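Below is one structure, written out as structure tokens; comments come after it.
Every read-out reported here was derived from the displayed coordinates using simple, explicitly stated rules and does not represent laboratory data. Everything numeric in this text was worked out from a predicted model, so none of it was measured. Reconstructed Cβ throughout: ideal geometry from the backbone, glycine too, with neighbour counts over all protein chains shown.
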């Protein structure tokens, strides 16, 4: 595995809940109704009457050590060496949803066909991850405040980005 990989970075302080990233993803990739490869969620924290709400743009984080890859019984989910992007081979997926149960971000999505689908950083049809150096995915390009970014990062930075998102989600769950 390469020392540098691509990963999403989210800054909750910059997010204005416009859902532009979500709409761009669905539009660009023609994602079916009811399936969301990227979604904006509310993050609630505090105790009444001192409750605060922020938001998070959630999609596959293309984890350094993806749990979805480990639990897939057919090998349909795999991590590419080039850029560390986690991809799914729809031909191998049996729709067992073990990947969904294992994912802390609940990124795997299932359409009417029962086959797992998820964010692939809009890599489909591109030769390799080097294309990102010229143009970021639509979800990133659409964000008017720069709350969502795609960066080449070290393994340590990628793990930190994953943990930051897990911490955001866990704070909201404690409510």
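Some notes on this structure:
- Sorted on the mean count of surrounding Cβ atoms within 10 Å across their residues, most packed first, peptides 11-18, 153-160 read 153-160, 11-18.
- Most mobile listed residue (135, 106, 118) in the chain, GNM with C-alpha springs under 10 Å: 135
- Segment 19-50 and segment 76-126 have Cα centres separated by 18 Å.
- Size descriptor, Kirkwood hydrodynamic radius, that averages inverse alpha-carbon separations across segment 4-173, Å: 16.5
- The convex hull built on the alpha-carbon positions of segment 1-91 has an orientation-averaged projected area of 8.6 nm².
- GNM on the chain, alpha-carbon springs under 10 angstrom: the most fluctuating residue among 112, 148, 123 is 112.
- Crossing angle, helix 155-173 versus the chain [Cα axis fit, 0-90 degrees, rounded to tens]: 50
- Among 89, 113, 101, residue whose mean-square fluctuation peaks in a GNM of the chain (springs only between Cα atoms under 10 Å): 113
- 0 to 90° range, to nearest 10: angle between helix 20-29 axis and the chain longest Cα axis: 20
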